[in-house]
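The values are calculated or read from the model by the stated rules, or taken from the named source; none is laboratory data. Keep in mind the model is a prediction, meaning the values are calculated, not measured. Quick reminder, even Gly has a Cβ in these numbers, built from the backbone with ideal geometry, and neighbours come from all protein chains shown. Side chains included, ligands, DNA and RNA excluded: accessible areas come from the protein's heavy atoms. Shrake-Rupley method; radii C 1.70, N 1.55, O 1.52, S 1.80 Å.
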Amino acid sequence: MLAVVTGGGTGGHVIPAMAIRNAFLKKGVDVLYIGSKSGIESKIVGSDVNKILLNLRGVKGKGFLDALKGVILTVIAFFKLLFCFIVRKPVVIVGTGGFVCFPAVLAGFICGSKIYLQEQNAVPGASIKLLSRIAKNVFIGFEDAKQFLPEKKTVFSGNPLRDEFLSQDRKYTPHKIGERMKVLVLGGSQGANFINRLVVKTILMLKNKENYHFIHQVGEKNKEEIKKIYKDAAIEAEVIGFTEDIHKYYYEAHVIIARAGAMTVSEIIATLRPSILIPFPYAIYDHQRKNAETLNDVGAAYLFLEQNITPELLSQTLIELYDSPDKLNDMSKKLSMIKFNNAADFITSKILEDVGCIRVI
């Protein structure tokens with residue numbers, strides 16, 4: 001059988017799509033991935049992947065002419081996929097969101113494919129909300145998303161992660177007083193400039209700098225500049241750019257400083273790492289704040305809004321956490337109480353059972 005997995009534009013849609021694709025492949029299912037040429041998938045989805053990358057762009061939040069061009073490209077993509085699906089006859093279409101998801105799912109529905117969706121955030125995006133009306137099931141990453149989607153179709157799955165985040169023991173050991181506390185800063189491989197600026201100001205305010213070891217992910221263009229700031233501040237640090245091995249740094253860390261994208265929050269849950277979350281304030285539907293609240297409300301993370309966090313407040317928080325390893329251990333234990341699945345395996349197993357292919361040869 002052929003399954004189509006579609007979703008793109010950002011890593012938050014592409015990573016779960018690839019995880020679902022890989023889980024299908026392990027079960028013996030042929031998979032076609034559909035993304036866009038303008039999304040991050042054009043850079044991170046390998047040449048070994050069976051894929052179609054369409055000439056598409058988003059519509060939401062655009063000016064009239066750009067939105068009109070986006071609509072025209074979406075209609076062209078829809079008919080191209082309609083012809084493709086008539087020929088190839090996919091049994092299921094799984095959409096993970098983003099503007100590319102809409103024409104692919106709609107074309108599959110018209111061709112008789114069963115439709116399944118996966119929503120990563122606590123507040124669903126526009127594509128998932130619209131397409132949920134024709135879906136058999138919507139698999140959600142956060143329980144809070146249920147209130148926005150058809151209740152009978154919604155199934156909690158957690159968010160599909162790369163296998164590397166699932167292959168190690170879910171175990172956390174805090175630092176001991178007198179040892180260095182490892183702080184992972186996810187400034188982003190593209191460069192989350194606010195977090196980068198905040199942290200480099202924060203380190204100058206830390207007392208007993210020998211108590212900290214920073215692992216700071218930054219954009220490639222910022223690496224040398226930020227390395228020098230750590231060196232001049234006499235703080236032990238690794239400054240890294242894009243890496244396929246980011247999971248290793250999660251498991252090394254005692255605490256993480258990051259935005260609150262759905263996949264980052266899910267990786268924090270998977271690795272049981274305490275965190276300091278600073279949601280991106282301009283995320284659609286303010287979904288990053290809702291994601292962060294999932295952890296903050298149970299005492300598993302600190303939540304600071306961008307307009308309120310300062311270098312003084314962040315340095316004070318890090319000092320308090322260094323002095324309270326028991327607090328970090330308690331935060332990790334609270335993360336372990338949040339419902340967690342191997343989501344990609346769960347989703348693909350449920351779909352194959354539903355379509356009558358419990359065992360695929």
Checklist entry - Which residue, Leu54, Leu314, Leu305, has the most motion in a Gaussian network model of the chain that connects Cα atoms within less than 10 Å? => result Leu305
Item to check | Tilt relative to the chain, helix 287-296 - C-alpha long axis, 0 to 90 degrees, to 10 | outcome: 50
Item to check | Within a Gaussian network of the chain (alpha carbon springs, distance under 10 Å), most fluctuating of Lys231, Lys153, Lys333 | outcome: Lys231
Checklist entry - Spin-label point model (7 Å from Cα, Cβ direction): what's the Glu236 to Gln316 distance in nm? => result 2.8
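Taking each pair of different alpha-carbon atoms in the chain once, compute 1/r for the pair, average those values, and report the inverse of that mean as the Kirkwood hydrodynamic radius in Å to one decimal. Don't jump to the answer; show the numbers that get you there.
Numbers: mean 1/r = 0.0469 Å⁻¹.
Mean inverse Cα-Cα distance, inverted, gives 21.3 Å.
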Item to check | Alpha-carbon centroids, the range 256-278 and the range 305-361: separation in whole Å | outcome: 6
Checklist outcome for this item: Whole-Hz Karplus couplings 3J(HN,Hα) for the range 15-23, θ = phi - 60° and coefficients 6.51, -1.76, 1.60, Gly and Pro as x, run 4, x, 4, 5, 5, 5, 4, 5, 5
Checklist entry - For the range 1-92, what log10 I(q)/I(0) values come out of the Debye formula at q = 0.17, 0.22, 0.25 1/Å, with one point per alpha carbon and no solvent? => result -0.76, -1.14, -1.30
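What's the ranking of 70-77, 254-261 by average number of surrounding C-beta atoms within 10 Å, highest first?
Working: 70-77: 15.6, 254-261: 24.2.
Highest-to-lowest ranking by the protection proxy: 254-261, 70-77.
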Item to check | Separation of the Glu224 and Asn50 label points, Cα + 7 Å toward Cβ, nm | outcome: 4.5
Item to check | Label-point separation, Ile76 to Lys339 (7 Å along Cα→Cβ), nm | outcome: 4.3
Next on the checklist: From the protein chains alone at 1.4 Å, what is the descending order of accessible area for Cys111, Cys84, largest first?
Outcome noted: Cys111, Cys84
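Measure off, as a whole percent, the carbon and sulfur share of the 1.4 Å-probe accessible area of the range 227-361, all protein chains present. Don't jump to the answer; show the numbers that get you there.
Numbers: 3030 of 6080 Å².
Here carbon and sulfur together make up 50 percent of the probe-accessible area.
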Next on the checklist: Give me the percent of accessible area attributable to carbon and sulfur for the range 87-160, probe 1.4 angstrom.
Outcome noted: 57
Checklist entry - For the range 334-349, in order, what is each residue's ³J(HN,Hα) by Karplus, 6.51 cos²θ - 1.76 cosθ + 1.60 with θ = phi - 60°, in whole Hz (x at glycine and Pro)? => result 5, 5, 5, 8, 7, 4, 9, 10, 6, 5, 4, 5, 4, 5, 5, 5
Checklist entry - With every protein chain left in place, what is the accessible area per residue of the range 128-234 in square angstrom, probe 1.4 Å? => result 52
Next on the checklist: Just want to confirm a number: the relative contact order over the chain, from Cα pairs under 8 angstrom separated by 6+ residues, in percent.
Outcome noted: 16
